[in-house]
Amino acid sequence: MQAQGKDRSSPFTNVIRLIAAGAAAGVLAAAIALPAVGGAGVTAKSAMEDLNLKPENLDEPPLPERTILKDAKGKQIAQFYFENRQSTTLDKVAPIMKDALIAIEDYRYYEHGPIDIEGTIRALLKNMTSGGVTQGGSSITQQYVKQVLFNAAETDAERAAAIAPTFSRKLNELRYALAIEKKYNKDQILEKYFNIAYFGAGAYGIQAASKRFFGKSASELNLVEAATLAGAVQNPNRTDPNVSKDSRAALLDRRNLVLDTMVLRGKITKPEADAAKTTKLGYKDTKFPGGCETSPYPYFCLYVQHEILNNEEFGKTPEERKKRLQRGGLTIKTTIDPQMQKAADKAIKKWVSTKDKPVASQAMVVPGTGEIKAMAASRKFGNNKKKNEMSYNVVADAKHGGGGGFQQGSTAKPYTLAAALEEGYKYNDGFPSPAGYNAPSYGAFRDCKGNRVGEPSHQVRNSSEGGGGFKTLQSGTWGSVNTFFMKLEERVGLCKTVKMAKKLGLKRADGQPLKEFETFTLGINETDPVTVSSTYAVFASRGMYCKPLAITEIVDRFGKAQRFKPKCSRVLEEEVADAVNGILSGVFTKGTMSGVGGIGRDAAGKTGTTDGYTAAWFAGYTPNLASAVSIGDPRGAFSHDLIGVTIGGRPYGYVYGASISGPIWKQSMIDALKGVEPAEFHPVNMERFGGCGDICAPKRVEKDEEPGDGDGPPDDGGGDPFEMFEMDGGNRPITPAN
């Protein structure tokens with residue numbers, strides 16, 4: 001607190017006082033004091049020159065400001081911050097708050113220059129006699145300078161130097177203060193001080209402090225609240241109300257001291273102060289959560305966070321991107337749609353419990369733009385293992401905070417189908433598909449490096465013994481017949497199938513190259529719902545691949561907007577995509593989803609169950625929206641399979657793609673598309689894809705060609721309600737042949 005009473009001394013008395021101070025405190029004290037006194041003559045000038053005590057420009061980097069994430073409708077969904085700060089203007093700070101702060105920190109603020117001489121001399125005398133810096137005496141301008149230097153420090157050593165109890169630091173502070181008062185007027189400096197000051201409890205700046213302490217804006221503060229915050233500024237760590245009862249008691253004492261000081265300065269009356277002292281501290285401990293854990297959409301929030309941290313479009317270095325996210329004061333508009341997110345959350349909650357160890361996850365993507373509209377999972381995000389929380393982004397890949405993903409299963413078969421149609425195959429082209437398939441010993445499969453792959457001793461089987469027979473592109477897909485797709489991939493070529501999958505955007509969740517074994521078509525690669533949704537969106541958009549898009553606009557603290565448009569390219573002929581849609585539409589009426597049914601509008605998709613029932617998928621789409629749902633156990637898919645499990649309170653002998661993932665997809669898509677005008681798939685060019693080529697079906701087909709053959713569960717006698725749905729065998733990676 002500064003010296004009390006008005007300064008009524010004459011200039012002569014001031015000089016005598018300064019000479020006395022100089023004798024007591026040495027040349028430094030005189031040098032600091034003399035520049036502010038007129039008529040001191042050559043002595044003062046010489047002292048200033050010796051100590052170089054003249055204005056020095058201060059670099060004022062932007063203050064760390066919180067970054068806000070908003071959904072597609074403009075509602076805040078998360079925030080990131082290095083310091084919880086919400087800068088405001090002086091006219092939005094209650095006048096009583098200004099009076100309280102000035103009274104206790106620098107009561108002659110509007111009267112003196114950059115240095116409060118009396119306060120400084122008094123502090124210097126105290127410090128000299130104590131052997132160190134024990135008393136401040138700094139003006140608000142000097143305090144602002146110190147805060148700027150501290151905030152600009154990048155290392156612990158720099159931060160320590162910014163507040164070091166040395167006279168050299170004090171000299172530098174004074175030089176900067178001289179320049180600051182030339183650059184700004186008093187109100188501007190006070191506004192800057194209000195925004196930079198730390199008040200304790202993790203609150204930086206008066207606006208954040210007002211909300212943190214009292215749950216209201218700085219413009220609404222009353223006398224008691226203003227006195228409390230003014231008292232917190234001097235030593236916010238000692239008076240932090242979150243620390244202990246002692247710290248709250250210390251804050252209460254400081255508040256009462258501020259009230260007494262305001263009486264002394266004539267800002268309030270004694271009865272007003274006495275009445276204010278009878279009130280409790282009133283600290284509300286208003287939470288200001290940061291990060292994704294408290295977001296209503298934590299998995300999408302994680303995706304956005306990692307998109308910024310990993311993408312050079314948002315900064316040249318990882319450190320620059322992190323600083324921009326935490327300190328930049330950005331407003332980030334995202335693609336997440338509240339209605340579609342709610343639909344995904346609701347459907348997952350119906351089928352899978354938050355307490356279940358297996359986790360269901362879903363992503364929704366817009367065909368033709370790549371906009372991610374929903375990212376949901378059955379388990380809550382967090383680090384509390386006792387509450388069965390997930391600590392990583394199970395909906396996305398490792399690059400976006402995810403893990404290793406789950407094997408894709410038969411949702412990978414449409415990539416082979418698309419490659420075959422692109423090669424000229426027709427709907428009724430087909431071949432006999434036996435119950436078991438062994439890779440030919442002559443090296444029929446080669447990866448994209450030309451290496452022979454395939455283990456002849458490993459047999460791929462359908463799920464039941466009579467599941468063979470002649471299958472076409474249509475019936476083989478509808479029934480998800482493993483041996484049919486192995487033979488189709490053999491004829492089309494493994495490398496062409498892999499290249500098709502890559503064109504459509506397929507990537508492994510762990511970021512490693514795709515595994516190129518002969519069972520590629522059966523979905524041996526671990527992936528994630530965002531990626532799979534994006535690959536299926538290519539079919540929905542008639543051949544356009546769009547990179548998943550989560551951020552549409554970033555507005556910086558100065559209002560400058562940076563907009564992000566979809567990044568799309570044609571990867572598939574329109575007519576080939578139409579042909580894929582035509583076949584995959586039949587999965588709902590003639591295939592493995594016939595027991596679940598469609599959604600009342602044009603839709604196409606594919607179930608996927610992995611070898612050993614380690615994971616189950618459904619991926620599907622309409623012309624408006626694509627989505628993929630996976631379920632698996634993150635503790636380890638092969639060590640914790642989906643056999644004999646209870647999920648969502650329902651017992652399952654075996655979990656197939658249509659057991660849980662399919663119904664989740666159906667319900668969520670119906671709700672997500674409410675209010676969206678139905679769109680139809682483009683008609684298939686039957687002149688190009690109808691009929692058959694050189695491998696037509698025989699005139700007489702075997703009886704076991706109905707949908708679902710070769711893809712149902714084994715006959716366990718259990719009467720599983722999903723016994724018509726697929727089981728995809730042979731999905732384990734196989735060591736390449738020598």
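Does segment 157-250 come out rounded, prolate or oblate, given a ≥ b ≥ c as the square roots of the eigenvalues of its C-alpha gyration tensor, rounded meaning a/c under 1.5 and, failing that, prolate meaning a/b above b/c? Each step should come with its number before you reach the end.
Values: a/c = 2.68, a/b = 1.39, b/c = 1.93.
Cα axes put segment 157-250 in the oblate bin.
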Rounded to the nearest 0.05, what FRET efficiency do Ala161 and Lys216 have when you use their Cβ-Cβ distance and R0 = 45 Å?
0.75
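Residue separation times 0.36 nm, minus the C-alpha to C-alpha distance between Arg563 and Glu677: what's the value? Working shown, then result.
Numbers: separation 114, 0.36 × 114 = 41.04 nm, distance 2.73 nm.
Contour length minus Cα-Cα distance gives 38.3 nm.
Using the crude model of +1 on Lys and Arg Cβ and -1 on Asp and Glu Cβ, and no other charge, please compute the dipole size for segment 72-111 relative to its Cα centre, in debye to 20. Provide the component values of the computation, followed by the final result.
On the way: 6 positive and 6 negative charges, 91 e Å.
Dipole magnitude for segment 72-111 comes out near 440 debye.
For segment 138-193, which whole-number percentage of the solvent-accessible area (1.4 Å probe, protein heavy atoms only) is attributable to carbon and sulfur atoms?
C and S fraction of accessible area: 54 percent.
Taking a 1.4 Å probe, which of Trp665, Trp351 shows the most accessible area, and what order do the others take after it?
Working: Trp665 0, Trp351 45 Å².
Sorted descending by solvent-accessible area, the residues read Trp351, Trp665.
Expected output is a single nm value to one decimal: the length gained when fully extending between Thr589 and Arg650, i.e. 0.36 nm times separation in residues minus the C-alpha distance. What is it?
19.4 nm
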Would you mind getting the accessible area per residue of segment 234-385, heavy atoms of the protein chains only, 1.4 Å probe, in Å²?
48
Shape call, segment 272-350: gyration tensor on alpha carbons, a/c limit 1.5
oblate
Ranked order, Val676, Val498, Val645 - accessible area, probe 1.4 Å, largest first:
Val676, Val645, Val498
Measuring with a 1.4 Å probe in the full set of protein chains, what accessible area per residue, in whole Å², belongs to segment 402-489?
30
Under 12 Å from the Cβ of Ile104, count the other residues' Cβ atoms, weight Lys and Arg +1, Asp and Glu -1, and hand me the total.
+1
List, in the order given, every pair from Lys426/Lys590; Lys245/Lys284; Lys92/Lys146 whose Cα-Cα distance in the structure shown is over 21 Å.
Lys92/Lys146
Rounded to the nearest 10 Å², what accessible area does Tyr425 have for a 1.4 Å probe in the complete protein model?
40
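Given the peptides 455-461, 365-371, 182-188, arrange them by the average over their residues of other C-beta atoms within 10 Å, most packed first. Numbers along the way, then the final one.
On the way: 455-461: 15.7, 365-371: 24.0, 182-188: 12.3.
Going from most to least packed, we get 365-371, 455-461, 182-188.
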Over segment 534-593, with the other protein chains present, what is the accessible area per residue in square angstrom, probe 1.4 angstrom?
40
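Per the 1.4 Å probe, what fraction of the accessible area of segment 196-286, in percent, lies on carbon and sulfur atoms? Kindly include the intermediate steps, with their values, before the conclusion.
Values: 1920 of 3840 Å².
Heavy-atom surface of segment 196-286 belonging to carbon and sulfur, 1.4 Å probe: 50 percent.
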Which pairs in the list Lys471/Lys499; Lys349/Lys413; Lys373/Lys547; Lys316/Lys373 are over 19 Å apart, alpha-carbon to alpha-carbon?
Lys471/Lys499; Lys349/Lys413; Lys316/Lys373
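Per the 1.4 Å probe, what fraction of the accessible area of segment 349-508, in percent, lies on carbon and sulfur atoms?
Details: 2690 of 5680 Å².
Carbon plus sulfur share of accessible area: 47 percent.
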Could I have the simple spin-label model distance between Asp187 and Arg635, label points 7 Å from Cα toward Cβ, reported in nm to one decimal?
6.6
How high is the FRET efficiency from Ser441 to Ile643, r the C-beta distance, R0 56 Å, rounded to 0.05?
0.95
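In what sequence, largest accessible area first, do Thr354, Thr527 appear using a 1.4 Å probe? Can you show the working numbers first?
Details: Thr354 65, Thr527 5 Å².
Output order, biggest surface exposure first: Thr354, Thr527.
With r defined as the distance between the Cβ atoms of Asp246 and Asp556 and R0 fixed at 35 Å, what FRET efficiency is calculated, to the nearest 0.05?
Working: r = 42 Å, r/R0 = 1.19.
For Asp246 and Asp556, the calculated efficiency is 0.25.
The values are calculated or read from the model by the stated rules, or taken from the named source; none is laboratory data. What you see is a predicted model, and the numbers here were worked out from it, not measured in a lab. Every residue, glycine as well, gets a Cβ built from its backbone with ideal geometry; the counts of neighbours run over all protein chains shown. With ligands, DNA and RNA removed, areas are computed over all heavy atoms of the protein, side chains included. Shrake-Rupley method; radii C 1.70, N 1.55, O 1.52, S 1.80 Å.
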